[in-house]
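All remarks here apply to the structure that follows.
The values are calculated or read from the model by the stated rules, or taken from the named source; none is laboratory data. Here the structure is a predicted model, which is why all the values come from computation and not from measurement. Note that we place each Cβ from the backbone using ideal geometry, even for glycine, and neighbour counts take in every protein chain shown. The area values use the complete protein model at the heavy-atom level, side chains included, leaving out ligands, DNA and RNA. Shrake-Rupley method; radii C 1.70, N 1.55, O 1.52, S 1.80 Å.
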Amino acid sequence: MHDILPEDQKYFRKIVEVAEGILHFYGFGKIDIPVLEQTELFSKGTGLSTDIVQKQMYNLKTKGDDLLTLRPEFTPGIVRAYVEHGMVSLPQPIKLYAVGPVFRYETPQAGRFREFNQLDIEIIGEKSPVKDAQLIQIFYNILKELKIKNLMVEVNSIGDSQCRSYYKKLLMSYLRSREHSVCGDCRRRMKENSLRFLDCKEEKCQPIKAQAPQIIDHLCEECHSHFKEVLEFLDEIEVPYRLNPYLVRGLDYYTKTVFEIFKEPESKGETAPIALAGGGRYDGLVKLLGGKDAPACGGAAGIERIVYLMKTEEEKKQKEVSLQGSQVFLAQLGDLAKRRSLKLLEEFRKARIDVAESFGRDSLRAQLGKANNMKTLYTLILGQREALEGTVIIKDMVSGRQETVKMEKAVEQIKKKLKK
Ligand code: HAM
């Protein structure tokens with residue numbers, strides 16, 4: 001669990017402001033629901049076989065022996081409110097959104113908290129595939145408006161209770177003969193919810209996954225045409241997406257469409273895609289929680305993950321701007337040169353001359369390219385030879401002319417040149 005410090009509040013505010021602008025346009029109303037609900041709501045709604053219910057809920061017993069749980073997600077609570085307030089008798093669909101903290105007992109790691117905030121969006125009382133596509137579009141547009149780059153939508157259909165149970169049997173018989181080759185988690189999943197096998201990231205399960213029957217090939221006619229229409233709508237509204245036959249999501253209530261939106265890595269330094277939002281259709285949940293049969297779909301975005309990306313992007317920009325202010329760039333090649341560069345840089349700092357550098361493992365060419373992009377006036381070049389000789393090359397980036405000077409004269413020379 002974490003604090004949100006004053007300097008981070010602006011990002012949270014911005015996300016809500018952008019989301020509300022879009023959601024109000026589409027006719028969504030805000031709902032606030034309690035942070036504490038009856039434990040049964042989640043064991044029934046989120047589902048007994050899910051990691052959330054099995055391992056991640058913060059449960060407590062009140063003095064009056066009530067079993068309560070800190071909400072691990074919004075969906076069951078919002079459906080409870082829909083049923084409890086008789087929203088079924090209002091014109092359908094009911095479009096709701098909620099913002100606030102949810103709680104999951106997880107192993108904390110980068111981007112994974114035990115208390116985190118979600119922006120949750122639900123459309124209840126409409127079965128048309130247009131809504132599935134519109135929901136994805138809304139999340140996509142919110143993220144785009146927040147200037148998150150490299151977004152990728154993944155979609156799949158996991159069918160309805162009928163075609164899925166047929167598929168599960170097929171998958172089980174496929175898995176049974178390979179039980180000894182799958183990981184321990186998957187052996188457990190086979191007993192509880194074999195679909196989750198498709199989610200497994202363990203290396204030893206990957207070749208078995210690749211050969212497994214795919215649910216998309218076993219959808220009933222209705223689910224098949226529903227999914228086809230969702231994809232057609234996505235094409236129409238120009239939301240780029242990728243079919244992922246292994247996307248099943250870790251919650252029990254989904255039927256038909258499921259989706260996730262990721263930020264894909266932009267460079268080699270960023271390794272894994274970051275899941276920013278996820279959701280899908282859940283046509284059976286309202287009835288399961290005591291309401292009349294009402295189809296629905298929804299999704300949620302993780303606000304902390306979006307904040308993290310907004311901050312990283314801002315830091316990147318600030319760095320570029322501060323580098324752009326420099327008139328001098330220091331390029332170096334080789335270990336000795338790097339060490340000498342650090343010393344030289346310090347001399348420039350003392351003389352209050354801004355010097356940009358890129359002390360990574362970039363080639364000399366890449367460093368000169370950077371200096372060029374930043375439109376610096378002079379580049380100091382320090383290679384192995386210069387490092388040994390105690391010299392440095394000053395390259396005039398406008399004329400291309402180069403001169404070699406003693407290292408201890410470099411600051412003085414640059415000062416002179418900048419004054420001209
Ligand atoms: P979920 O995929 O469990 O879906 O969570 C949605 C988003 O919350 C994720 O995509 C991720 O960005 C963020 N998130 C999840 N766990 C963490 C964590 N430990 N720390 C930080 N961020 C996290 C749901 O919650 C469903 N209720 C979505 C839904 C609504 N489906 C239908 N309606």
Those helices (runs of 4 or more DSSP H) lying entirely in region 127-215 with at least 2 residues of a type in the set (Lys, Arg)
129-145, 161-176, 184-192
Test residue 175 against the stated conditions and say whether it is open to solvent by less than 60 Å² (accessible area, probe 1.4 Å) and either in the same structural domain as residue 126 (by TED's automatic domain parsing) or farther than 19 Å from residue 259 by Cβ (or both).
yes
Residue under evaluation residue 272, criteria (1) among the small types (Gly, Ala, Ser); (2) over 17 Å from residue 112 (Cβ atoms); (3) exposed (fewer than 13 other Cβ atoms within 10 Å of the Cβ); (4) under 16 Å from the mean Cα position of the chain (by Cα), criterion not met
(2)
Pick from region 238-254 the residues that are under 25 Å from residue 47 (Cα atoms) and away from the ligand (no atom under 12 Å from the Cβ): which of them is surrounded by the most Cβ atoms within 10 Å (Cβ to Cβ)?
246
Looking for something at pLDDT 85 or above, in contact with a helix residue (DSSP H, G or I) (Cβ under 9 Å, 6 or more places away or on another chain), open to solvent by 30 Å² or more (accessible area, probe 1.4 Å) and not in a helix (DSSP H, G or I) - is there at least one such residue anywhere in region 306-326?
no
Does region 88-115 hold any residues that are among the charged types (D, E, K, R) and more than 10 Å from the ligand (Cβ to nearest atom), and which are they?
95
Would you say residue 290 is surrounded by 13 or more Cβ atoms within 10 Å (Cβ to Cβ) and modelled with pLDDT of 95 or more?
no
Scanning for something in contact (Cβ under 8 Å) with a residue 40 or more places away in the chain and either in contact with an Asp or Glu (Cβ under 8 Å, 6 or more places away or on another chain) or open to solvent by less than 90 Å² (accessible area, probe 1.4 Å) (or both), does region 63-73 turn up at least one residue?
yes
Can you tell which of 158, 121, 138, 148 is in contact (Cβ under 8 Å) with a residue 12 or more places away in the chain, of a type outside the set (D, E, K, R) and over 30 Å from residue 314 (Cβ atoms)?
158
Filter region 360-374 for residues that are assigned to a loop (DSSP other than H, G, I, E, B) and of a type outside the set (D, E, K, R) and give the result.
360, 363, 374
